[in-house]
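These notes are about the structure you will find just below.
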Amino acid sequence: MSRVRVRLAIGVAVLGVVATTTAALAGDSAKRQFRANLSGYEEVPTLSTPGVGTFRAAVSRSSDEIRYELHYDALESQVLQSHIHLGAPAVNGGITAFLCTNLGNGPAGTPACPDPPATVTGTITPDQVTAGASAQGIGAGEFNELVAAMRAGATYANVHSQTRPGGEIRGQIGNDADEND
């Protein structure tokens, strides 16, 4: 009878370890996957525009790059540039990373912004983190600070157009597991 109890206890312990590990991995994945839905209603000041977009990103397991996909459509004019900014909802902030640009002002490797409807993909490394938010605490190359701000929900993706150079569509970046953004 005692052997059965020992085997049962070992089985329960193994199941506990497996469940804990699975939960930890799922939690880690949620902290590495990000998304945002972009619209003019999230711009500051709020805009009425037919433009819409989505932003998806994932931090690599080695935590040294962010791979992203930006999609936008129905903008009122040609896209000038797109960025990740440091800022809470309804607050404008500095540029931390370029997603695309047609102005030649991004770091090396920044893709061009195609005409809508378009999808832009790219990778952000420490070299692509700009000094645009240095007054807010994220300096050039401070990749880990950018990732921490994304995890805290303190960044947004923004697409700037010719008609709306301050930004036509915007979306607060949240964890992919979040349902409220």
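Nothing in this text is a laboratory measurement; each read-out follows from the coordinates by a stated rule. As the structure is a prediction and not an experimental result, all values here were calculated from the model. Using ideal geometry, Cβ is built from the backbone for each residue, glycine included, and neighbour counts are taken over all protein chains shown.
Restricted to region 31-62, and to residues that are over 17 Å from the mean Cα position of the chain (by Cα) and in contact (Cβ under 8 Å) with a residue 24 or more places away in the chain, which residue is surrounded by the fewest Cβ atoms within 10 Å (Cβ to Cβ)?
Residue satisfying both the conditions and the ranking: P50.
Can you tell me which residue within region 71-106, out of those that are in contact with a Gly (Cβ under 8 Å, 6 or more places away or on another chain) and without any contact (Cβ under 8 Å) to a residue 40 or more places away in the chain, is farthest from A131 (Cα to Cα)?
If we take residues in region 71-106 being in contact with a Gly (Cβ under 8 Å, 6 or more places away or on another chain) and without any contact (Cβ under 8 Å) to a residue 40 or more places away in the chain, then C100 is farthest from A131 (Cα to Cα).
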